[in-house]
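Below: one structure, written as structure tokens.
The values are calculated or read from the model by the stated rules, or taken from the named source; none is laboratory data. None of these values were measured; they are calculated from a predicted model. Here the Cβ positions follow ideal geometry from the backbone for every residue, glycine too, while neighbour counts run over all protein chains shown. These accessible areas exclude ligands, DNA and RNA; they are computed on the full protein's heavy atoms, side chains included. Shrake-Rupley method; radii C 1.70, N 1.55, O 1.52, S 1.80 Å.
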Amino acid sequence: MPAEHRWRGRVVHVLTQPGGGPADHVSAVAAAMARQGIDVHVVGPASPRTETVRAAGAAWHTVAVTSTRDAAGALALARVVRGLRPDVVHLHDRRAAWVGRLAAPALQAGVVHTVHGVADGLSDQVAGNALVGPRRRRDDLYYVAGERWATRWSARWTHTRVVTPSRAVADFLVHRVGVDPDLLDVVPNGVEVPPVGPVGPAGPARAPALVWAGRLVPAKRPGALLDAVERVSGLGPVVIAGEGPERDLLLRRVAATGWRGPGGVEVVGQLPDLAPALAAADVYVSTSAAENQPLAMLQAMAHGLPVVATAVGGVPEVVRDGVEGLLVPVDDPDALGGALRRLRDDPRLRRRLGTAARERVAAGWTRSHCVAGLLRTYDRVTA
């Protein structure tokens, strides 16, 4: 466990999205920082996590920026942030990053921007990722040239740093976007490690239960799990947790195959707490075509689950094939099915991989590790 860092300024976390990975990350990190006695504020839209963050001792200032064209919302957000007189402004999504960096001359604070993901039309420019969206000229203008300009603009007026959780995306930012590597910090995501041992059977083989969690969008390839399940008999119940445009298609497919219900495949929607589903599972599955460093996968590993995952983005930086899980290519249902079959047939392998997964997260991907890394970044922009 890393030693508690001594940075004690005022940090304002800024986001414009009420949900998704950046919002989950901000809520968890803000609460953890507040518990360390840091003066923490969050500026963004209200979310289900607002009261949890406030209960931890952080302040939440509700401001909505509804789109990139919402000039009134952006101005209100900038005014609130400036009025808080922060030492560090930490920006967590693309709209927040644009507003915060354009306002850098007026903020008189260090500016940190966390890059949580890459535009779909640029996804395959991150090592290991597949292309998950159409190529658009806008991507090069907005996400490449614009990102490079905004970072340099901010750095011209104040101490500025860019953070991302994976080396794969860091390399993209340096070599494709043109971010100065001297301004870049890799700070891995972190999760809480439950005070329990690894789950999963140690004795006779039984049908392993699977869990998948994420946004139900084409980039996450939720249908790939069903493709693999069709190829492997003798699996236990399968839980797919999440919301998104692919949900109706998944429900129709599950209904058509007769898999619906307990003991089959359940599409359960967004869960307020993933922990109970992880505790009931034996294997966590990730089928994404593109990733940075998925929080749900880290949570599963912290619960002692072996991982079957596509070898995309920052995933192989955490999961080593044959050590904490099994890695497979994107869009290869036979390989995915083969990995599931291997874990179905070998409960000792499941236990070994699950134990290693929990140890891997505890060694470098805990919430404490993440917060300590961010506070080191804050040191750099306030020195």
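The single residue among ARG350, ARG380, ARG342 that is open to solvent by 10 Å² or more (accessible area, probe 1.4 Å), over 22 Å from the mean Cα position of the chain (by Cα), at pLDDT 95 or above and more than 27 Å from ALA170 (Cα to Cα) turns out to be ARG342. The single condition from (1) buried (at least 24 other Cβ atoms within 10 Å of the Cβ); (2) under 29 Å from PRO195 (Cβ atoms) that VAL312 fails is (2).
Looking only at the stretch 317-324, decide whether some residue is in a loop (DSSP other than H, G, I, E, B), under 19 Å from ALA209 (Cα atoms) and open to solvent by less than 40 Å² (accessible area, probe 1.4 Å). Taking every residue of the stretch 317-324 in turn, at least one turns out to be in a loop (DSSP other than H, G, I, E, B), under 19 Å from ALA209 (Cα atoms) and open to solvent by less than 40 Å² (accessible area, probe 1.4 Å). Would it be correct to say that ASP332 is without any contact (Cβ under 8 Å) to a residue 12 or more places away in the chain and over 25 Å from ASP24 (Cβ atoms)? In short, yes. Among the residues of the stretch 240-252, the one identified as farther than 19 Å from GLY20 by Cα and crowded, with 18+ Cβ neighbours inside 10 Å is LEU250. The single condition among (1) in contact (Cβ under 8 Å) with a residue 60 or more places away in the chain; (2) aliphatic (A, V, I, L, M); (3) in contact with a strand residue (DSSP E or B) (Cβ under 6 Å, 6 or more places away or on another chain) that VAL312 does not satisfy is (3). Of all the listed residues (VAL193, VAL132), the sole one being outside any helix (DSSP H, G or I), over 29 Å from ALA362 (Cα atoms) and in contact (Cβ under 8 Å) with a residue 40 or more places away in the chain is VAL132.
Of the residues making up the stretch 12-37, just one is in contact (Cβ under 8 Å) with a residue 40 or more places away in the chain and more than 21 Å from the chain's Cα centre (by Cα), namely GLN36.
Would you say HIS369 is under 16 Å from the mean Cα position of the chain (by Cα) and either aliphatic (A, V, I, L, M) or more than 18 Å from LYS220 (Cβ to Cβ) (or both)?
Numbers: under 16 Å from the mean Cα position of the chain (by Cα): yes; either aliphatic (A, V, I, L, M) or more than 18 Å from LYS220 (Cβ to Cβ) (or both): yes.
So HIS369 fits the description; yes.
Here VAL179 meets the list (1) assigned to a helix (DSSP H, G or I); (2) more than 26 Å from ASP331 (Cα to Cα) almost entirely, failing just condition (1).
Would you tally the residues in the stretch 353-373 being aliphatic (A, V, I, L, M), out of contact with any Pro (no Cβ under 9 Å at 6 or more places or on another chain), surrounded by fewer than 23 Cβ atoms within 10 Å (Cβ to Cβ) and touching a residue at least 60 places away in the same chain (Cβ under 8 Å)? Number of matching residues: 1. Taking first residues from the stretch 264-282 that are over 24 Å from ASP248 (Cβ atoms) and among the acidic types (Asp, Glu) and partners that are modelled with pLDDT of 90 or more and part of a helix (DSSP H, G or I), the Cβ contacts under 9 Å between residues at least 6 apart in sequence or on separate chains come to ASP282/LEU343; ASP282/PRO347; ASP282/ARG350; ASP282/GLY354.
Among the residues of the stretch 175-200, just one is at pLDDT 95 or above, small (Gly, Ala, Ser) and open to solvent by 10 Å² or more (accessible area, probe 1.4 Å), namely GLY178.
Restricting to the stretch 162-174, and then to whatever is open to solvent by 30 Å² or more (accessible area, probe 1.4 Å) and in contact (Cβ under 8 Å) with a residue 40 or more places away in the chain, can you tell me which residue is nearest to the chain's Cα centre (by Cα)? Break it down into steps so the answer makes sense when it comes.
Kept after step one, since they are open to solvent by 30 Å² or more (accessible area, probe 1.4 Å), are these residues of the stretch 162-174: 167, 171, 174.
With in contact (Cβ under 8 Å) with a residue 40 or more places away in the chain added as a condition, the list becomes 167, 171.
Working: ARG167: 14, ASP171: 18 Å.
Residue satisfying both the conditions and the ranking: ARG167.
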